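K.L.:
Once you've had a glance at the structure underneath, I'll fire off some questions.
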Amino acid sequence: MENQPQNNNLSSAATPASGAVAEITPQAPPNVVVKDLNVIYNQGKSNEIRSLDGINLEIFPREYVIIFGPSGCGKSTLLYSIAGLQKPTNGTITVDQEDIGAYDNRQIAWFHRQKIGMIFQSFYLISSLSILENICLPKIFAGKMMKDIKASAVELLKRYDIIEQAAKFPSELSGGQKQRVAVIRSLINDPEIILADEPVGNLDSKSAHVVMTIFKELNEVEKKTIILVTHDPAHLQYGDRIVHMMDGKIVRIENKPKRAIDADSYIFKDGKAREDLTPRSEHIPINLRLLMQSFKGLSSDQIGNLLVPFKAQQLFSHLFFSMTNDQIIKATKKLESFLYFKDSFHDFFEQLDTPIEEGGAGWDKRLAKRFSDNVKQLVYQAGKIDFANKPASARELAEYVNSRLDLKLDESIMNNLSKIIFDRLDNHIGKNEFKILLDAPEKERGLGLNKRVVEKISKEIELLLLLRY
Ligand code: ADP
Ligand code: MG
């Protein structure tokens, strides 16, 4: 199993000693090296976009770097590349001397859980989980049990003055509070590098100051490397180095003199949150719809564990039967919790079958059985997809859809189907190309099947791929 830092030094960190200056050791090697990075979308097509064009950048341990530039200049693409969420078209990204482009899926998952913490403009809190559960999520994904992680989560909640909100749900918190929760969640695995994409873009200036100060404090006191994206010049004062971007290129790098710590501006004093700085009455409209909107720009493999509610929803629309709204909503919650591995499969089935008055989803037993068996089969099948052995997985998926959809395909068509599924697994083609290939006549290595069947196969495969992530 992978190494997991057990002692969360955040929980034991003291209040900043006033006057202490966080040193950047000049001889320390950079922990992030971006070399000749290009990211080109829709390469070779008429709508080709050079999102990043020849980026070279070194970031050193304990630096606070701000990536600054107008909307569309490539800031997010650069940040997601460093996070390993965006594959370079050319060039390399090294983090702690390792080429993250060479990581396989498991290593990337480890990298996301242990090395980096990410914070987005939209908070990506899961609306159906409490604040405490939201914070514990990254550890649950790292294979920990809730009871073992609660103590460090509670410690962090206390530190960031959110403890009174622990049992509440995201919709009950103000924007500033939600962003503090998102920051805390990114800290729970004690990552070395914190990446933040416009983290205060949705906040009023007072809440923005509180959150920006938390980043400053994390940098100076907790020695975290911070890489923060903003288009707002008002935020530049917080960084040590400003990377100015324009049209996919770095146009200037500005070094700021390292300032002595202004302990007065910190959120904590004598181990307690300062009352005068913590806004008590923020009125920021809650816009949870942003959550799903924000998912649009990212692909499924970029969102990782945040996709669980979406997965649950997709499973539902896939295995849909007629039932009341209440039964569907209740069951979606149960399914989410099953996908989060909080419940066993047996519990999931039992809960679907239990009356709504008793906290279940109120489903008919036969329906619950049929549905949960379907879920089990899909989750099992998705779990078997092995990206290290795509040809075998493609063949197995072809056999799976053939039998599940009762297609009775002959051997030569099965071979074509396996090849097309292989291309999809290999990410050579997207969903639409996949369907076009399936739709092609048999002699053009397609399947010669009708549109309705093609649609069914495509839905089945896309769902399995989504579940696999
Ligand atoms: P910023 O964060 O600075 O606003 P982005 O990195 O989001 O900029 O985008 C840089 C450019 O790349 C923009 O022109 C944007 O439209 C384009 N872009 C970003 N993501 C995609 C994508 N998935 N497909 C096509 N173009 C994209
Ligand atoms: Mg952006």
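The values are calculated or read from the model by the stated rules, or taken from the named source; none is laboratory data. Just so it is clear, the model here is predicted, and its values are computed rather than measured. Quick reminder, even Gly has a Cβ in these numbers, built from the backbone with ideal geometry, and neighbours come from all protein chains shown. These accessible areas exclude ligands, DNA and RNA; they are computed on the full protein's heavy atoms, side chains included. Shrake-Rupley method; radii C 1.70, N 1.55, O 1.52, S 1.80 Å.
K.L.:
Considering only the other residues whose Cβ falls under 13 Å of the Cβ of Pro199, what net charge follows from Lys and Arg at +1 and Asp and Glu at -1?
P.N.:
+2
K.L.:
Also, quick follow-up: State, to one decimal in nm, how far the label point of Glu455 lies from the label point of Asn432, with both points 7 Å from Cα in the Cβ direction.
P.N.:
1.8 nm
K.L.:
State, as an integer percentage, the relative contact order of region 140-202 based on alpha-carbon contacts under 8 Å between residues 6 or more apart. Show your work: numbers first, answer last.
P.N.:
Numbers: 21 pairs, mean separation 19.0, N = 63.
Dividing the mean separation by the residue count of region 140-202 yields 30 percent.
K.L.:
Here's something else I'd like to know. What is the calculated FRET efficiency for Lys158 to Lys206, with r their C-beta to C-beta distance and R₀ = 22 Å, to the nearest 0.05?
P.N.:
Details: r = 22 Å, r/R0 = 1.00.
So, using R0 = 22 Å, E works out to roughly 0.50.
K.L.:
Assuming 0.36 nm per residue, please report the length gained on full extension of the stretch Ser127 to Tyr41 beyond their Cα-Cα distance.
P.N.:
Numbers: separation 86, 0.36 × 86 = 30.96 nm, distance 3.23 nm.
Here the segment from Ser127 to Tyr41 would lengthen by 27.7 nm.
K.L.:
Moving on. Given the peptides 391-397, 132-138, arrange them by the average over their residues of other C-beta atoms within 10 Å, most packed first. Write down the numbers at each step before the final one.
P.N.:
Details: 391-397: 18.4, 132-138: 22.9.
Going from most to least packed, we get 132-138, 391-397.
K.L.:
Roughly what would the spin-label model give for Gln97 and Glu396, points 7 Å off Cα along C-beta, in nm?
P.N.:
Distance between label points: 3.6 nm.
K.L.:
Heavy-atom accessible area of Arg113 with all protein chains present, probe 1.4 Å, nearest 10 Å²?
P.N.:
Answer for Arg113: close to 50 Å² accessible.
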